[in-house]
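Student: Next up is a structure, given as C-alpha cells.
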Amino acid sequence: MARFVVRRLVAMVGVLFAVSVIVFVVFMVLPKQNPAQTLAGKNATPVLVESIEEEWGFNDSLVVQYGTMMKKVFTGELTSYKPRIPVDDQIKEGIPATFSLTIGAAIIWLFFGLLLGYLSAIRAGGWLDRILTGVSIAGVSIPVFLLAPVLLYFLTYKIELFPNAQYVDFTEDPYEWARHLILPWFTLAVLSIGFYSRVLRSNMLDVMNEDYVRTARAKGLSERRVMIRHVLRNSLIPVITLFGLDFGATIAGTAIITEVLYSLDGIGLYAAEAVRKFELPPIMGVALYGAFFVVFVNALVDIAYAYLDPRVRLGESASE
Amino acid sequence: MSTEPSAERGPWSLALRRFLRNRLAVAFLGLFVLIVVFVMAAPLWANHVADTGPNEEHTVEQITVDGEKKDVVSVEGKPIGPQWFGAGGKFFLGADSRLGRDEMVRLMYGGRTSLQIGITAALIATIAAVILALLAGYFRGWVDGLIARTLDVIWSLPVFLIGLSLGIALAVGGLKLGPLEISSGSNWNPIFVISIFTVPYIARPIRGQVLALSEKEFVEAAVAQGAGPVRVMFSEILPNLASTIIVFFTLMIANSMLFEAGLSFLGAGVQPPNSSWGTMITVGVELLNIQPLLAILPGVMIMLTVLSLNIVGDALRDALDPRGKARLDASLEFEAQGGIATGQQGATI
Amino acid sequence: MKKLGAVIAVLVLAALSTIGLASCGGGDDTTGSGEGGGKQGGTLNATYASFPDYMDPALSYTAEGWSAMADVYTPLLTYKHANGEEGSEVIPGLAKELPKISNDGKTYTLFLRPGLKYSDGTPVKASDFPFAVERMIQLNSGGSPFYLTIDGAEQFAKTKKGPIPGIKTNDKTGEIVINLEGPRGTFTNELGLMFVAPLPQDTPVEDMSANPPPGTGPYMITKSQPGKGWEYERNPYWAKANGKAMPDLPEGSIDSAKVTVIRNPQSQVDDIEQGTYDWMQNPPPSSRYTEVKEKYEGTQFRVEPTISTYYFWMNTQEPPFDDVKVRQAVNYAVDSKALERIYAGQIVGTQQILPPGMPGYEQFELYPHNMDRAEELMKEANPSDTDITVWTDTESPNNEAGEYFNEVLKELGFNTKLKILNADNYFTVIGNATTPDLDAGWSDWFQDYPHPNDFFQPLLAGESILPTNNGNFAKFDNSAVNKKIKELGAEQLGPEQESAYKELDEEIMEEAPWAPYGTRTLSTFVSDAIDLESVIFNPTFGHYLSSFEFK
C-alpha cells in the first residue's frame, strides 16, 4: 500500500513537470513573437526593446528562461508583465470567488443530481424516468456561453430579479454574496446535474439486479429500506469518486467561461485575462495550480479506491 | 463483452432490434439526420433562394419586402429581423450582424463547419486512441507505462486553458511540425487541438478493456496458433471493442462540437471569415438585446445536435450491451476523470 | 407526495419573491447625497471595463490609465481642464508659467511654484523632476522615446547610469533648465504628460501599480487592487497648499471615489440605469448604444468626440499596393456610410489623416465613394499580383471593419486572406518586419497630445519605419513629405504651421497610403444622481474625476 502511494506521488511530480514544460513551449516556442516588443508599446525604439529584453531575460536561451521561471515559481517571485504584480498574490485573491462558485454549485448539482437519479432509477422505464432523462441530457447539451447570457438577459435585464453578477465577498455581505452567485451556481449546476443523475441511475439499476438485493427483498425488507440501505449505498461509491474528481477540476479553475460571463473575480477569470493578454507568467501560475489540484485529487481518489478494492492495487482493473 | 450469438440472429441484428425498440432514440436519430440534411443543403439554399453567399455583406443595401424598401442594416447598426418569405426567401431569418449577411445561409454553412470539425476531430481522436489503447493494453510493460503516462499528462493539463492558448497561438502563426503544416486560418487547427484533448477520454477506458481482454482464452489460443501481435490486436481484440468504440465515437462527436463552440467563442477556434455555430453565438451574444434570435438560433442548433447525439449514444450503449457490466467499467473510467463538469468539454454520458 | 410538492412550491415562491422585492428596493448603493444631499461631496461609484495597464504615472500608456490618474499626478505643465478643443491648450501645472524657450529651440526654462506638497506631506523640489524622468527611463516605460532628445537621455537609456546632463535644477530657486539635442516642436506638449510628473525621490524604481506613489493633484489613490479596482480620497495637501498655488486647476466636488472593474459592459449599462453605479468610463457596447442614446441623451448621456483616426493601411513598398492608382481605387471603394453602420453610429466618417479637433485640420474630400471609378482605376492599374493578406484585430467592431475591408478588396478583384489577431498582440505582430504578407489591414491612432506631428511623424515618416514595433504600417517613405514633417516638427505650433499641416494632409492623401474612414466618438454616461453638465471630457486625458458633481 505504501509503495502504491509513493508511486502515485512520484507520478504526480512527473506530471507537474511535464505540464510546466508544455505550457512553456506553447507560449514561448510556438508563437514567433518577442514579448519585449509587446511590452515596449506603440512608440518603441530599438534601445527600449533591448532594455526590456535585458530586464526580463528574454534574450537568454530558452532553457535558461525556463529555469529562471521555475525558480521564480518556487520562490514566489513570479510576476506578470503588465502590471508587474506577483502571480501568487493574484491567484490567492481569486480563490474566494472560485471556491464560492464551485462549492455552492457542487452542493446544488450533487443534491439535485442524486435526487433526479434516484427518482429515475426507482421509476425506471416509466414516464418520470423518460422526462428526467430528457431533462438531464438536455441540461448537459447546452453551451454554457449561451445559457449564461440568456439567463442574464431575462433575469437581470428584462426582469430585474438578480444583480448582473460581480463577486461580493462573503465577509462583506453574506446576503449579497449569495444573491450574486445564484445565477452562476445555477448555470454551473445545470450542466452537471444531468451527468450525476445519469450515473447514479445506471449504477443503481446495475446494483438493483444484483443477488444480494434480491435476497434482501426476499427477506421481507420494505422496498424503501432495500433501496436506501442496500442499493443507494452501494451505488454511491462511484458517484462520490466522480464527484471528487469533478470538484477538484472545478476548483482548479476550469470554470473559465462561467467566471468570465458573470464577471466573477476568480482564478478562471484571471486565467482568461492572461490568455487574452498572452502573458506567460500568470498562465504558468494558473496552469500549475490547476494541474496540481487535478493531479492531487486524482491521486487521492486512486489511493482511496486502491484501499477499497484490492484488485486495483495489484494493477488488474482498468484504472492505474 | 459481446453477447453470445443466439441461435437465430447475430449479435448485431439483436442490437439493432433493441435500438429500434427505443422510440426516443430513433426519433432523435431522425432529428440528427434532419440536421445533417439541413446543413448539407446550404449551397442549394444560398444559390437558389437567398441569392447570396455566407460571407457576402449587404451593409448599405436595401431589400424589397412586400413592395416596401427596407434597410438591411439600419443607420444605428441594427440588423434586419426575420423576413421569412417576405423578400422571396432573402434574409429568411434576418441579417446576422452589422455586416448584413444572411443569417439563414450562415446558419447552414456554419453548421457544416461545426459538424465537419466535430466529426473529424472525433474520428481522428478515436482512431488514435484505439491504436494507443491496443498497444498499451497488449504489450503492457514499458510501452504501457509510456502511453499511460502521456495520457495522464494530457489529462492533467488544464484542458481549456491550454486548448485556448494553443488555439490562439495557432490562430496567429499556424502550425509547423516538421512536414506537417497548417496555415493559421485553417479549420484544421481547432481539429488538431480538440483531437489531442479527446484522445485520453477514449483511450483510458479502452485500454482497460484491452487489458482485461488480452488475458482471455481466445487471445491465448490465437497466440498459441502463431498469430503475430498485429493480428492479435486487430483481428482478435479489436472486434470485441467494437461496441465501446461506436458508443464513444458518437458521444465524442457531441463533445467535440461543444469544445469547438467554446474555443470559437473565445476566439481560439474557427477563424473568420469561416464561421461555425460557435462563432455565430459569439456575434449573437453581443447583439442579444437587439436581436436575441442571432444567439439563440445557433445555440439551439448546437443543443439539438448534441442532445440527439447524446441520446443516440446512450441508446446505442443500451442496445449493444444490455447487461451493463462493461458499461459500469467503461463508464466509471470514462466519467471518473475530472474536467468535464462545466460543459466546456461537454459532459456526455 | 402531493402535499410535499405543494409545500415546496409555496416555499420556492416565497423565496423568489423575497429576492425580487429585495432587488427592486435595494438596487441603489450610491451614497450620492452622503453629505446631506448637497452639491458638494459624496462618494462616486465608478466602473471601468478593465484595469489600466499600469497604475503608475511613469508607465501607463492607455486611456484608462491616463483617465484614472489625471487628477492625481500633476506634471510641470498640464492641459486645460475643459471639453473639446479648449482642452487641447497647454497651461502651467506645477510650473509657474509656460516654459521660456530659447531662440534655437533647444533650451527650456521653467520655475517650480513654491510651497507645493505631495499627498504624504513631502515638499515638492525641483530635483524631483529629473528624478521622475530618470525613473521613467529606468523602468523602460513605453513613454520614454518622447524624451530621448534631452541631452544625454539616450546615453542614460542605454547605460541606466545618471544623472542626465540635459536637466539642471536648483532646489532653492525652483529653477529647471532642460537642454535638448535639437529643437522639438512637440516638447511642450510632452512636458504635459504624466510620464514626467514629479514624484518624491524615495519612490522605488519599480512598478508601483499595487501601491501608487503620492501625487500632487486634488485626489490621491488610497487603495489599488490590480485587476479589481481602486479608491480615491481627497488629497489633504491640495486644500492646504497646492490648490492655493494653482488656482486655475479645479479642486473637485466629490470627497472620494471607488472604482470597480466590471468586465461585462452590458452589466455596466444596467448598473448605471439602475443607479447602482454613477459612471462608466468606457462607452456603452454597440448593442445598447442606440437605446441608451435615445433614452438618456441630454440628461445622463453625452457624445464625446475624440481626436483619433481609424484607417486601413496599405503596404506601399510591395505590389499590388505600390501602385498609387490601386490605392486610390481602394479609397474610392471604401464607403464610410457602411462603416458608420458597422460602428453603430460611433464613428464619424472622414477620409483624411488628421481628424477634426486637431489643430491643422480642415476638411477636404478627395475620394467620395464611387465604386465605378474604383473599378476604372483598377482596370487601368491592372496589378499582376492579386493575392493579398488582410489583417485586423479581434476587438469588436474593428474585426467587423476588417471583414468589411476584406469584402471590399474582394469586390475589387483581389484574392484575399483575412487574419484576425488578438487585440493585445495585434500591433506587435503587424509592426514586426519578419511577419510575412503584411499587405493591408486595419489600424487606429488616438492622439498622445494635440499636435499634428503626433500623427505624421510616427505613422507616415520614412524614419519611423522600424524592423520591430513599427508604427508606419504603410511603409510610406516619401522624401518630400519626410522633409516637411521634420521641418514642421521643429517649429513651435502657430497658424502658419497649422495651414502647412493641412497642406501636408492633402499632399499625403493624394498618394493615398491609407484609406482612412472615420474618427471615433466616445461618450459620457452617468446615473441620474450626477450632474451631466459639469462632467468634463478632455480629448487627451478622458474624464476628469474632479469634474463630477452630485446633483
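Student: Please indicate, with yes or no, whether at least one residue in segment C:290-297 is within 14 Å of another protein chain (Cβ to nearest Cβ), among the aliphatic types (A, V, I, L, M) and in contact (Cβ under 8 Å) with a residue 24 or more places away in the chain.
Tutor: Yes, because at least one residue in segment C:290-297 is within 14 Å of another protein chain (Cβ to nearest Cβ), among the aliphatic types (A, V, I, L, M) and in contact (Cβ under 8 Å) with a residue 24 or more places away in the chain.
Student: Quick check: anything in segment A:156-171 over 20 Å from the mean Cα position of the chain (by Cα), among the polar types (S, T, N, Q) and closer than 20 Å to A:ILE240 by Cβ?
Tutor: no
Student: A:GLN37: assigned to a helix (DSSP H, G or I) and over 29 Å from the mean Cα position of the chain (by Cα), yes or no?
Tutor: Details: assigned to a helix (DSSP H, G or I): yes; over 29 Å from the mean Cα position of the chain (by Cα): yes.
Here the answer is yes, as A:GLN37 does meet what is asked.
Student: Sticking with this one: (1) within 11 Å of chain A (Cβ to nearest Cβ); (2) touching a residue at least 24 places away in the same chain (Cβ under 8 Å); (3) assigned to a helix (DSSP H, G or I); (4) of a type in the set (D, E, K, R): which one isn't true of C:GLU400, the others all being true?
Tutor: Here C:GLU400 clears every test but (1).
Student: Just name the residue that is nearest to the other protein chains (Cβ to nearest Cβ) out of those in segment C:405-434 that are among the hydroxyl-bearing types (Ser, Thr, Tyr) and crowded, with 18+ Cβ neighbours inside 10 Å.
Tutor: So the first thing to find is which residues in segment C:405-434 are among the hydroxyl-bearing types (Ser, Thr, Tyr), and the list is C:416, C:426, C:428, C:434.
Subsequent filtering for residues that are crowded, with 18+ Cβ neighbours inside 10 Å retains C:416, C:426, C:428.
On the way: C:THR416: 9, C:TYR426: 10, C:THR428: 4 Å.
Across segment C:405-434, the extreme among qualifying residues is C:THR428.
Student: Please go through segment B:122-131 and pick out each residue that is closer than 13 Å to B:LEU151 by Cα and crowded, with 24+ Cβ neighbours inside 10 Å.
Tutor: B:ALA125, B:ALA129, B:VAL130
Student: Now for a different question. Would you say C:MET358 is out of contact with any Leu (no Cβ under 9 Å at 6 or more places or on another chain), more than 14 Å from chain B (Cβ to nearest Cβ) and either outside any loop (DSSP other than H, G, I, E, B) or surrounded by 19 or more Cβ atoms within 10 Å (Cβ to Cβ) (or both)? Can you show your working first?
Tutor: Details: out of contact with any Leu (no Cβ under 9 Å at 6 or more places or on another chain): yes; more than 14 Å from chain B (Cβ to nearest Cβ): yes; either outside any loop (DSSP other than H, G, I, E, B) or surrounded by 19 or more Cβ atoms within 10 Å (Cβ to Cβ) (or both): yes.
In short, yes.
Student: Can you tell me which of B:ILE168, B:ILE162 is in a helix (DSSP H, G or I), touching a residue at least 60 places away in the same chain (Cβ under 8 Å), within 14 Å of chain A (Cβ to nearest Cβ) and β-branched (Val, Ile, Thr)?
Tutor: Being in a helix (DSSP H, G or I), touching a residue at least 60 places away in the same chain (Cβ under 8 Å), within 14 Å of chain A (Cβ to nearest Cβ) and β-branched (Val, Ile, Thr) holds for just one of B:ILE168, B:ILE162, which is B:ILE168.
Student: Also, quick follow-up: Restricting to segment A:1-21, give me the number of residues that are in a helix (DSSP H, G or I) and more than 17 Å from A:PHE293 (Cα to Cα).
Tutor: Restricting attention to segment A:1-21, the residues satisfying the condition of being in a helix (DSSP H, G or I) are A:2-21.
From what is left, the residues that are more than 17 Å from A:PHE293 (Cα to Cα) are A:2-4, A:6-7, A:21.
Result for segment A:1-21: 6.
Okay, residues lined up against (1) within 15 Å of the chain's Cα centre (by Cα); (2) surrounded by fewer than 22 Cβ atoms within 10 Å (Cβ to Cβ); (3) of a type in the set (A, V, I, L, M, F, W, C):
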position	(1), (2), (3)
B:ALA227	no, yes, yes
B:ASN240	no, yes, no
B:SER264	yes, no, no
B:GLY269	yes, no, no
B:ASN274	no, yes, no
B:VAL312	yes, no, yes
B:ALA315	no, no, yes
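Student: Filter segment C:301-326 for residues that are among the hydroxyl-bearing types (Ser, Thr, Tyr) and either in a strand (DSSP E or B) or under 13 Å from C:PHE473 (Cβ atoms) (or both) and give the result.
Tutor: C:SER308, C:THR309, C:TYR310, C:TYR311, C:THR316
Student: Right, another one. Quick one: would you say A:GLY244 is in contact with a Phe, Trp or Tyr (Cβ under 7 Å, 6 or more places away or on another chain), within 11 Å of another protein chain (Cβ to nearest Cβ) and not aliphatic (A, V, I, L, M)? Steps first, answer last, please.
Tutor: Numbers: in contact with a Phe, Trp or Tyr (Cβ under 7 Å, 6 or more places away or on another chain): no; within 11 Å of another protein chain (Cβ to nearest Cβ): yes; not aliphatic (A, V, I, L, M): yes.
Spelling it out, it is not the case that A:GLY244 is in contact with a Phe, Trp or Tyr (Cβ under 7 Å, 6 or more places away or on another chain), within 11 Å of another protein chain (Cβ to nearest Cβ) and not aliphatic (A, V, I, L, M).
Student: Only one of (1) within 14 Å of chain A (Cβ to nearest Cβ); (2) more than 24 Å from A:ILE257 (Cα to Cα); (3) of a type in the set (Val, Ile, Thr); (4) touching a helix residue (DSSP H, G or I) at 6+ places or on another chain (Cβ under 7 Å) fails for C:ILE272. Which number is that?
Tutor: For C:ILE272, the exception is condition (4).
Student: Let me ask you something else. Exactly one condition in (1) within 14 Å of another protein chain (Cβ to nearest Cβ); (2) closer than 30 Å to C:LEU488 by Cα; (3) in contact (Cβ under 8 Å) with a residue 40 or more places away in the chain; (4) exposed (fewer than 15 other Cβ atoms within 10 Å of the Cβ) is false for C:LYS158; which is it?
Tutor: Among (1) within 14 Å of another protein chain (Cβ to nearest Cβ); (2) closer than 30 Å to C:LEU488 by Cα; (3) in contact (Cβ under 8 Å) with a residue 40 or more places away in the chain; (4) exposed (fewer than 15 other Cβ atoms within 10 Å of the Cβ), C:LYS158 violates only (3).
Student: Can I ask one more? Of the residues that make up segment C:356-370, is at least one under 25 Å from the mean Cα position of the chain (by Cα) and closer than 17 Å to B:THR59 by Cβ?
Tutor: Of segment C:356-370, the ones under 25 Å from the mean Cα position of the chain (by Cα) are C:356-363.
When the remaining residues are screened for being closer than 17 Å to B:THR59 by Cβ, the result is none.
Within segment C:356-370, not a single residue is under 25 Å from the mean Cα position of the chain (by Cα) and closer than 17 Å to B:THR59 by Cβ.
Student: Does C:GLY105 qualify as being touching a strand residue (DSSP E or B) at 6+ places or on another chain (Cβ under 9 Å) and in contact (Cβ under 8 Å) with a residue 12 or more places away in the chain? Write out each step before concluding.
Tutor: On the way: touching a strand residue (DSSP E or B) at 6+ places or on another chain (Cβ under 9 Å): yes; in contact (Cβ under 8 Å) with a residue 12 or more places away in the chain: yes.
Answer is yes for this residue.
Student: Step by step: first the residues of segment B:80-109, then only those that are buried (at least 21 other Cβ atoms within 10 Å of the Cβ) and of a type in the set (Phe, Trp, Tyr), then the one that is nearest to B:MET303 (Cα to Cα). Which residue is that?
Tutor: B:TYR109
Student: Which residue pairs have Cβ atoms closer than 8 Å, lie 6 or more positions apart in sequence or on different chains, and pair a first residue in segment A:39-51 that is at the interface with chain C (Cβ under 7 Å from one of its Cβ atoms) and touching a residue at least 60 places away in the same chain (Cβ under 8 Å) with a second residue that is of a type in the set (Ser, Thr, Tyr) and surrounded by 23 or more Cβ atoms within 10 Å (Cβ to Cβ)?
Tutor: The qualifying pairs do not exist here.
Student: So C:MET378 ticks every box in (1) farther than 23 Å from C:PRO319 by Cβ; (2) at pLDDT 90 or above; (3) away from every other protein chain (no Cβ under 13 Å) but one. Which box is left unticked?
Tutor: The one condition C:MET378 does not meet is (1).
Student: Here is a further query. Hey, A:LEU16 hits all of (1) within 14 Å of chain C (Cβ to nearest Cβ); (2) under 23 Å from the mean Cα position of the chain (by Cα) but one; which does it fall short on?
Tutor: (1)
Student: What do you reckon, is B:VAL39 on the phi < 0 side of the Ramachandran plot, touching a residue at least 40 places away in the same chain (Cβ under 8 Å) and β-branched (Val, Ile, Thr)? Break it down into steps so the answer makes sense when it comes.
Tutor: Values: on the phi < 0 side of the Ramachandran plot: yes; touching a residue at least 40 places away in the same chain (Cβ under 8 Å): yes; β-branched (Val, Ile, Thr): yes.
Yes, satisfied.
Student: Give me the residue from segment A:229-287 that is charged (D, E, K, R) and in a helix (DSSP H, G or I) and, out of that set, surrounded by the fewest Cβ atoms within 10 Å (Cβ to Cβ).
Tutor: Step one: list which residues in segment A:229-287 are charged (D, E, K, R), which gives A:229, A:233, A:246, A:259, A:265, A:273, A:276-277, A:279.
Of the ones still in play, those that are also in a helix (DSSP H, G or I) are A:229, A:233, A:246, A:259, A:273, A:276-277.
Values: A:ARG229: 14, A:ARG233: 11, A:ASP246: 28, A:GLU259: 29, A:GLU273: 20, A:ARG276: 19, A:LYS277: 18.
The qualifying residue surrounded by the fewest Cβ atoms within 10 Å (Cβ to Cβ) is A:ARG233.
Student: Listed residues A:SER80, A:SER61; which is surrounded by fewer than 21 Cβ atoms within 10 Å (Cβ to Cβ) and more than 14 Å from C:VAL429 (Cα to Cα)?
Tutor: Values: A:SER80 fails: surrounded by fewer than 21 Cβ atoms within 10 Å (Cβ to Cβ).
One residue alone meets the criteria, A:SER61.
Student: Taking the residues in segment B:243-268 that are among the aromatic types (Phe, Trp, Tyr) and in contact (Cβ under 8 Å) with a residue 40 or more places away in the chain as candidates, determine which candidate is farthest from the other protein chains (Cβ to nearest Cβ). Reasoning before the result, please.
Tutor: Within segment B:243-268, the first condition is being among the aromatic types (Phe, Trp, Tyr), and the residues that meet it are B:248-249, B:259, B:265.
Checking which are in contact (Cβ under 8 Å) with a residue 40 or more places away in the chain leaves us with B:248-249, B:259.
Values: B:PHE248: 14, B:PHE249: 17, B:PHE259: 10 Å.
Looking at residues that are among the aromatic types (Phe, Trp, Tyr) and in contact (Cβ under 8 Å) with a residue 40 or more places away in the chain, I get B:PHE249.
Student: When segment B:293-310 is examined, which residues are found to be facing another protein chain (nearest Cβ under 7 Å) and within 21 Å of B:SER74 (Cα to Cα)?
Tutor: Residue satisfying the conditions is B:ALA295 alone.
Student: Can you go through C:LEU94, C:LEU98, C:LEU116, C:LEU76 and tell me which one is among the aliphatic types (A, V, I, L, M) and surrounded by fewer than 17 Cβ atoms within 10 Å (Cβ to Cβ)? Even if it seems obvious, please write down each step before you answer.
Tutor: Values: C:LEU94 fails: surrounded by fewer than 17 Cβ atoms within 10 Å (Cβ to Cβ); C:LEU116 fails: surrounded by fewer than 17 Cβ atoms within 10 Å (Cβ to Cβ); C:LEU76 fails: surrounded by fewer than 17 Cβ atoms within 10 Å (Cβ to Cβ).
Of C:LEU94, C:LEU98, C:LEU116, C:LEU76, the one residue that is among the aliphatic types (A, V, I, L, M) and surrounded by fewer than 17 Cβ atoms within 10 Å (Cβ to Cβ) is C:LEU98.
The values are calculated or read from the model by the stated rules, or taken from the named source; none is laboratory data. On a predicted model such as this, the values are computed, not experimentally measured, just so you know. So basically every Cβ, Gly included, is an ideal-geometry build from the backbone, and we count neighbours across all protein chains shown.
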